[in-house]
Amino acid sequence: MRIIFNKKLLALSITVILASCSGGGGSSSGGDTGQDDSNQGGSGNVGSSVIVGDVESTELGFATLTSVDITLPDAMSNAKEVYQMAHYIARTDGESNEGDIDIPMRSYVATCATDTETPRMFVSTTLAGDASVDGATYGSVYELKYNPETSSFDQTGNASLLKQCYESHGIAASKDCSRVAVLCNTEYRAHENYAIQGDLVEEYGTTYMKMEDNLEKVEGTDKEKKYNDQIWLMEWDSEPLSETPDTYVVNKMHGGTHLGAQELIYVDTDSQGRASYAFSVSARVFDNGGGSHYSAGLTIINRNDWSLNMSGSDNRGWDWACGDGHVVNIRSFYNPYNEMYGALCTSDWNDWIGNTHGQLGTIAIKMETSGSISEGYFNHFVPSTAAMVSNGGGHTVVPLDADTNLSVIVSPKFIKDTDMERFLQDEVGVDTNNGEGPFDKDCSGYDEYNCFLSYMSYNRWYPENAQFPSIERQDLYSGDALDSSSLTRIGIAKVNGNGSINGQGFRWLVEDKDCQVSDPQLVDLKNGRYLFGYAKFQCISDNLKFDRIYSNRGAMRLLVPKAFYVMEIDADLNILEGPVQLPSHGWGGLDEPMYLGNGKVAWSYIKNPTHENYGGGQQNVWQAMIYHSNSAK
């Protein structure tokens, strides 16, 4: 039965006013300052839903969201997230009881045939295994196909349960859907028990990458297995998912604490005739004393001959170092305009300003040609600890052109407006009374970067005259109640093709004076517009104890949102439509929707994902959702 959508737009009373400038913050003075007339976390508008047959249709005014129920492979439930997994404003519960973890493990989607009437989406979801085997989990891959008659997905039955993987992560597909690949997390030396096509690490990897060759100090101990899991790339080339895929060992450094999104990207053929895969992942290596060190790497695989080139002057990818310290979150991306891969990462330390403003990690971008001993370009700071707990982080990078990317982050406010204005006037020499901001280009002449980074670094370089403080922050771990110093906001900045933010700053598109906001999404609609989403979490007005990780299920209030919102923006970060609240749908905090063609965006997630009506973090029936922008009609 064909769904007939109501074409009449809802009478939305949109109260969102865009902050008047870009860069650094929303105010006329740039830097880290906010602005009262920015989006305050939600407009009060809520989409309205109707169910016709098996399809739920939600009218958003400027778009329609369709969703259908999807049964996971073998009717199994998804696995819950792992212990101590860092999200942007919390970490999975379980300091005293791992059974308290109740959110789904990261899930991934890939879309293809997006230039046709029947595009497809492939999904990678880790499933809970046989109940008789404690803690068993398996990877899975399945296919959905767009049905233009219902404007929603149909299940095709093309699926595979991957019992050789204890988790399945990033997934990618060729443009015509003929080639599908997934990242499989598997056990220590698992390739010795399965038929594989190649061990790319052993054949082409650096010394760091060959973890199994560096174990003299821990051989025969628990550390040997704990820190040396493998990642395989499994590929189906012009064959059903039920067939046995070709399998390659692509990582032996993944062990201990598993952090970040293991995104997999595939490029069919670039201008140099290169077909390639790329993924970023947390990494661990041992030192000579048997201790270990933790960072992350970006692996790029030449699909033409199944090789790696991770060192030398013409390297593609790196095995180590993204931001200073340990990497808390990481996500890879690809810019098709300059044909470069990169990664956006969040770390728990910085060597730039040290602890002059408390312990701060970095949000950095590092491109494929960087070496393994160099850090990426710093974009911002976040409060963080060495225990993988932070209040903020970088989520994704969306390319605009060969020399411009949009970087999306979550972060609290660091600088009071009055302090920034004093800095601009007294140090940078800007007449803020007569000038119109932002002043990030003025600040780049003062200290090479922007107003925020210039301000934050002043006390480090001039400790004898440390007169520019940052806002005192609530302790990261817990407190009697949430206070305003912990409130986050969501910003987007234009960075150059190398990831540098010189002369630019973040525009804070979402800021709420009462509630935490996080879990952003940004997807190019390919028509000059971008789908921008975010979620609202615990509020000061809730008058509840603030627990980022420790209390029994207390962190759930910072892991499971109160509400999800969507809006549309343009490339200059002007808000064009929304925001509007989704009535009963959402997405995973580290997941990422994908473009489906003709103004459509697709993803999959659990049902009833909000805190008030939470359906639980383990379900065997999920929802497959498609956002249909009216701008494409």
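The label point for GLU203 and the one for ASP351, both projected 7 Å from the Cα toward the Cβ, are 3.5 nm apart.
For region 549-572 versus region 328-358, the spacing of their alpha-carbon centroids is 22 Å.
Rolling a 1.4 Å probe across all protein chains gives THR64 an accessible area of roughly 0 Å². Sorting the segments 243-251, 49-57 by their residues' average number of neighbouring beta-carbon atoms within 10 angstrom, most packed first, yields 243-251, 49-57.
Among the chymotrypsin sites (Phe, Trp or Tyr not before Pro) within region 304-343, those in coil by DSSP and having at most 16 neighbouring Cβ atoms inside 10 Å are TYR337. Over region 291-370, accessible surface divided per residue gives 28 Å², non-protein components excluded, 1.4 Å probe. Potential lengthening of the chain between ALA402 and SER631 amounts to 79.9 nm, from the contour at 0.36 nm per residue minus the alpha-carbon distance. Note on GLN425 and LYS513: the model spin-label points, each 7 Å out from Cα along the C-beta direction, lie 2.4 nm apart. Under 5 Å between amide hydrogens, built in the peptide plane, is the criterion, and for GLY497 it picks out THR404 among residues at least 5 positions away or on other chains.
On the beta carbon distance between ALA386 and ALA571, with R0 = 35 Å, the FRET formula returns roughly 0.40. Label positions at ASN309 and GLU472, each projected 7 Å from the Cα along the C-beta direction, are separated by 5.5 nm.
Shown here for region 388-440: chymotrypsin sites (Phe, Trp or Tyr not before Pro) in loop regions (DSSP other than H, G, I, E, B) with at most 12 other Cβ atoms within 10 Å, of which there are none.
Here the Karplus relation 6.51 cos²θ - 1.76 cosθ + 1.60, evaluated at θ = phi - 60°, turns the backbone of region 403-413 into coupling constants of 10, 9, 10, 9, 9, 10, 9, 10, 6, x, 7 Hz, with x for every Gly and Pro. Shape class for region 508-624, computed from the alpha carbon gyration tensor (a ≥ b ≥ c): oblate, with a/c not under 1.5 and a/b at or below b/c. The GluC sites (Glu not before Pro) of region 392-469 meeting both criteria, a DSSP state outside H, G, I, E and B (loop) and at most 12 other C-beta atoms within 10 angstrom of the site's C-beta, are GLU436. Between the labelled values (i) 175; (ii) 154; (iii) 209, the entry that holds volume of the Cα convex hull per residue in Å³ as derived from this structure is (ii). Considering only protein heavy atoms and a 1.4 Å probe, what is the carbon-and-sulfur percentage of the accessible area of the chain? C and S atoms contribute 43 percent here. Placing +1 on each Lys and Arg Cβ and -1 on each Asp and Glu Cβ, with no other charges, gives the chain a dipole about its Cα centre of roughly 1000 debye.
The values are calculated or read from the model by the stated rules, or taken from the named source; none is laboratory data. These figures come from a predicted structure and were not determined experimentally. A quick note on method: Cβ atoms are made from the backbone with ideal geometry, for glycine too, and the neighbour counts reach across all protein chains shown. Accessible surface is based on the protein model in full, side chains and every heavy atom, while ligands, DNA and RNA are left aside. Shrake-Rupley method; radii C 1.70, N 1.55, O 1.52, S 1.80 Å.
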